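Scroll down for the structure; my scribbles are underneath it.
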Amino acid sequence: MKNGKKKHSGDPFDPAPADKFTFGLWTVGNPGRDPFGEPVRARMEPSYIVQQLAECGAYGVNLHDNDLVPFGASAAERERIVGGFKAALEDHGMVVPMATTNLFSHPIFKDGAFSANDPKVRAFALKKSMDAIDLGVELGAETYVFWGGREGTEADACRDPRTAVARTREAMDYLCEYVRDQGYALRFALEAKPNEPRGDIYFATTGHMLHFITTLAHPEMVGVNPEVAHETMAGLSMVHGVAQAMEAGKLFHIDLNAQKIGRYDQDLRFGSEDQKGAFLLVRLLEGTAGDARYPARYEGPRHFDAHAYRSEDEQGVWDFARGCMRTYKILKARAVAFDRDPEVRGLIAERTDRELEPLLARYSKKNAKALRAHPIDADAVAKKGLGYEKLDQLMMEHLLGVRG
Ligand code: GLT
Ligand code: MN
Ligand code: MN
């Protein structure tokens, strides 16, 4: 069954490959292990996951090196596994748009990977990353994610945190040069997280990453991969972080899921918590507000980095996967209706002032002089209500499906 040939149900919210929905092999493949309990689901073969995700209407799968090729596999075993996986992708019309390296599971990474104090660990991390980049490119990946889950501390005196930053820069510069040297068309996307599994993880938020990128030797090759759960764990607005990345041309990839504030990294089904945040995120990614100043929409894959509840069996996993995709499409339809609503448009229409705005746009002695001379009645401006209660309620009504 080739994906392109799969018959669509006709339900407008059922996913199709054109929606560009992707899942990590580790997401639907999550066996439901947690720090307090054993796995509740059996391991699924990567080729089987590809087949099932294609059935569900997904566009592709992403992977860590060891999601596919077990740690320490021989070259012959690697060839056999990769060959079988490529055949499954081909059979089911699925692609691998993103790949990454597992730099956190093996005990060698207990002190981090690129930032670890032992040069042998840093060397191992670079070697493993180069091999994993080769694998990703072989499978067709265009984006390569770096999530520094173990790059952090509990005992902060173990290294100067500035050294951790500098070592991470060295590693990123090293790997960018490797990619250039190989002639690969690959971009890096850095994923932030504030804590877990480490007490504190370096580069805690997307904002930290955005600045770090400006210090790299090839900043044009590197962007970010913000995750809903991680920004929310930090108590931040995912929408604002993503917007800053988009405005800087740095949203290279995205990890969609859901999260309650103040919890462990829950990686819940997309949209299952904070529906308002999810709505605003989809609205931003899809560009339904239609602001002429910005590129219309985010064009990359819509990747769900989430997993089914531990209460589920395999059927629950596919229900979870369909749920992520359906909720995204439902929110997209709601966002389109919201931004078309004349009452909404009236409330968010920008105020213009042809005389004043040119004076604000750029400093010059002349502009500043004219600006200072321009009378502004602060009390009169302050008195006027902005109508945001009405606007937000209209958003709620669209979101709850009683309007539009
Ligand atoms: C891990 C983590 C995710 C990262 C993945 C990429 S692995 O599941 O929780 O947020 O995106 O390494
Ligand atoms: Mn993630
Ligand atoms: Mn997460």
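Read-outs: derived from the displayed coordinates by stated rules, not from any lab. Keep in mind it's a predicted model, so treat the numbers as computed, not measured. Cβ placement follows ideal geometry from the backbone for every residue including glycine, while neighbour counts extend to all protein chains displayed.
Name the single residue, out of those in the stretch 131-169 being under 20 Å from LEU216 (Cβ atoms) and among the hydroxyl-bearing types (Ser, Thr, Tyr), that is farthest from ligand 3 (Cβ to nearest atom).
Checked the stretch 131-169; the qualifying residue farthest from ligand 3 (Cβ to nearest atom) is THR163.
Tell me whether the stretch 380-395 contains one or more residues that are under 30 Å from HIS8 (Cβ atoms), surrounded by 17 or more Cβ atoms within 10 Å (Cβ to Cβ) and either within 16 Å of ligand 2 (Cβ to nearest atom) or of a type in the set (A, V, I, L, M) (or both).
Yes; the residues of the stretch 380-395 include at least one that is under 30 Å from HIS8 (Cβ atoms), surrounded by 17 or more Cβ atoms within 10 Å (Cβ to Cβ) and either within 16 Å of ligand 2 (Cβ to nearest atom) or of a type in the set (A, V, I, L, M) (or both).
Looking only at the stretch 287-320, how many residues end up being out of contact with any Gly (no Cβ under 9 Å at 6 or more places or on another chain) and assigned to a helix (DSSP H, G or I)?
6
Can you name every one of the helices (runs of 4 or more DSSP H) wholly within the stretch 18-78 that holds 1 or more residues which are within 16 Å of ligand 2 (Cβ to nearest atom)?
25-28, 65-68
Out of all the residues in the stretch 214-229, which are surrounded by fewer than 21 Cβ atoms within 10 Å (Cβ to Cβ) and either touching a residue at least 40 places away in the same chain (Cβ under 8 Å) or of a type outside the set (S, T, N, Q) (or both)?
Of everything in the stretch 214-229, those that are surrounded by fewer than 21 Cβ atoms within 10 Å (Cβ to Cβ) and either touching a residue at least 40 places away in the same chain (Cβ under 8 Å) or of a type outside the set (S, T, N, Q) (or both) turn out to be THR215, LEU216, ALA217, HIS218, PRO219, GLU220, MET221.
With the checklist (1) closer than 28 Å to LEU139 by Cα; (2) among the charged types (D, E, K, R); (3) over 19 Å from the mean Cα position of the chain (by Cα) in hand, flag the one item ARG198 doesn't pass.
So ARG198 meets the others, but not (1).
Could you list all residues from the stretch 182-201 that are assigned to a loop (DSSP other than H, G, I, E, B) and buried (at least 18 other Cβ atoms within 10 Å of the Cβ)?
Listed by number, the residues that qualify are LEU186, ALA192, LYS193, PRO194, ARG198.
Between VAL402, VAL344, which is under 40 Å from the mean Cα position of the chain (by Cα), under 30 Å from PHE13 (Cα atoms) and in a loop (DSSP other than H, G, I, E, B)?
Of the residues listed, the single one that is under 40 Å from the mean Cα position of the chain (by Cα), under 30 Å from PHE13 (Cα atoms) and in a loop (DSSP other than H, G, I, E, B) is VAL402.
Taking the stretch 327-354, which residues are surrounded by fewer than 22 Cβ atoms within 10 Å (Cβ to Cβ) and among the basic types (Lys, Arg)?
Across the stretch 327-354, the qualifying residues are LYS329, LYS332, ARG340, ARG345, ARG351, ARG354.
Looking at LYS260, LYS250, which is the one that is more than 16 Å from ligand 2 (Cβ to nearest atom) and within 14 Å of the chain's Cα centre (by Cα)?
LYS250
Which condition breaks for CYS176 when tested against (1) within 13 Å of ligand 1 (Cβ to nearest atom); (2) of a type outside the set (Asp, Glu); (3) not in a loop (DSSP other than H, G, I, E, B)?
Here CYS176 clears every test but (1).
Restricting attention to the stretch 91-102, report how many residues are of a type outside the set (A, V, I, L, M) and within 11 Å of LEU139 (Cβ to Cβ).
Final tally of qualifying residues: 1.
Criterion first (within 16 Å of ligand 1 (Cβ to nearest atom) and farther than 28 Å from TYR264 by Cβ) does ASP181 satisfy it?
Criteria not met by ASP181.
Which of the residues belonging to the stretch 20-67 are of a type in the set (A, V, I, L, M), buried (at least 22 other Cβ atoms within 10 Å of the Cβ) and out of contact with any strand residue (DSSP E or B) (no Cβ under 7 Å at 6 or more places or on another chain)?
VAL28, ALA54
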